[in-house]
Every structure is written in structure tokens, then in C-alpha cells.
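A quick write-up on the structure given underneath.
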Amino acid sequence: MKKLMSILILLLFTSCWHKSYKLVDNYRGYIYDSKNEPLENVRIHEMNLKSAKYTYTDKKGYFFLKPVSSTFVDDLLLEKEGYVTDTVFSFSESRFGNKTRFLMEWSDTVYMGKIKKIALPKNLKK
């Protein structure tokens, strides 16, 4: 009976784990603007002090970047002129459980907002 319960518990836990939850050894995903249009030439940096590794998005907003370390998850810095620079945390913890971004078998998505220019009144200009 004890052996049967162990097998049932094991089956329960393995059935809850979807095959697409498998981690991969690269960062990949899509970058879009606030109008849901793909952003080309967004520079994606892996925030690692030992490396200055980066890549750019293609016409479809897709990027692929091999991490420096296979044992440590770094955050990603997204930069494009005219858009707000953004940091994406590849791993985060919450009360609902841990979340890993850009390292799963499916691709994640980030939306970047444009920088809004503000005109100063004439009496404030030098």
C-alpha cells in the first residue's frame, strides 16, 4: 500500500509539470511597441559583469541570445533610441511561486513605451 501511494504521488506531481515548462539554455523572445508592432534593432544586453554580450531584434522583433553562464540567470537590459530603457528580470520570486522569463521553451514578449517629449515654456529656456 505504501508503494502504491508513493507511485500515485509521483504521478500526480509529474502530471502537473507540462513539457513546455522545460528550461532552455538561451534567452529568446519578442519585443513590441505599445501599438503591438514589432520593434527592430532593440539592443538586448545580458547584465553580466564578466561579459558585454548583446544582440539585436530582427524585423519581427525577435531576439536570441546565448547566456554567458549555464548555471546563473542574468537580467536583460533593453535599449532603443526614442524608447524607455527597460530591465527585464529573468527570474523573480513571488508569493505565487517562482517565475523564469525568456528561458522557457516558448518565447516571452516585452512591450516598450516611447519617450514622450515635453516642451518647456519659453521663460524657462536658457
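The values are calculated or read from the model by the stated rules, or taken from the named source; none is laboratory data. Note that the structure is a prediction, hence the values are computed from the model and not measured. We place every Cβ from the backbone using ideal geometry, glycine too, and count neighbours over all the protein chains shown.
Odds and ends about this structure:
- The residue of the range 40-54 that is modelled with the lowest pLDDT, among those that are of a type in the set (A, V, I, L, M) and under 15 Å from the mean Cα position of the chain (by Cα), is Met47.
- Subset of the range 27-70 (residues that are of a type in the set (D, E, K, R), closer than 16 Å to Gly113 by Cα and in contact with a strand residue (DSSP E or B) (Cβ under 9 Å, 6 or more places away or on another chain)): Asp33, Glu40, Arg43
- Applying the condition of being of a type in the set (Lys, Arg) and modelled with pLDDT under 85 to the range 67-108 and asking which residue is surrounded by the most Cβ atoms within 10 Å (Cβ to Cβ) yields Arg101.
- Taking the range 25-66 as the region of interest, the strands (runs of 3 or more DSSP E) fully inside it that hold 3 or more residues being surrounded by 17 or more Cβ atoms within 10 Å (Cβ to Cβ) are 27-33, 43-46.
- Thr57 being modelled with pLDDT of 85 or more and in contact with a Leu (Cβ under 7 Å, 6 or more places away or on another chain): yes
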